[in-house]
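Below is one structure, written out as structure tokens, with a few remarks after it.
Nothing in this text is a laboratory measurement; each read-out follows from the coordinates by a stated rule. None of the values given here were measured: they were computed from a predicted structure. Here Cβ is always computed from backbone atoms with ideal geometry, including for glycine, and neighbour counts include all displayed protein chains.
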Amino acid sequence: MARFAPLYDVPVDDATPDVRATFFNTEKYDLDDAPAYFEEVQVRLAIDSPAPASAVARLAAHAERACHAAQSLRHPVPVTLATTHNGEPLEPLG
């Protein structure tokens, strides 16, 4: 938001995000072996600005398009995890 505000000539007094998610993770509690995943992620952004609502809406739309986190959650990508111990690869258990 802050990066793109000057491009739209929109002063931003405050931009406060509220991020909430529901997460399926029964394996954590030893209930089953189902893999964990997000069921839903909600992002709410409260913007305080003296600019007109239409200008703030254009800015918010640009910021949303540029948000790597939101785009990655919308389009799943392969994830690779690797752990080392004292500089040596550590093989996962199980």
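Listed values, structure above:
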| read-out | value |
| --- | --- |
| Cα gyration tensor category, rounded, prolate or oblate, for the chain with a/c compared to 1.5 | prolate |
| Efficiency of FRET from Cβ geometry, V43 and D14, R₀ 22 Å, rounded to 0.05 | 0.85 |
| Length-normalised contact order of segment 5-90 in % [C-alpha pairs under 8 Å, at least 6 apart] | 27 percent |
| Angle between the chain longest axis and helix 53-65 axis [Cα atoms, degrees, rounded to 10] | 30 degrees |
| Per-pair calculated FRET efficiency, R0 = 35 Å: F24 and A70 via Cβ, rounded to 0.05 | 0.95 |
| Charge context of T26, other residues only, Cβ under 13 angstrom, K/R +1, D/E -1 | -4 |
| Translational D in µm²/s for segment 43-94 (Stokes-Einstein at 10 °C, 1.306 mPa s, Kirkwood Rh from C-alpha pairs) | 106 µm²/s |
| Value at 222 nm in deg cm²/dmol, rounded to 500, when DSSP H runs of n ≥ 4 in the chain each add -39,500 (n - 2.57) | -6000 deg cm²/dmol |
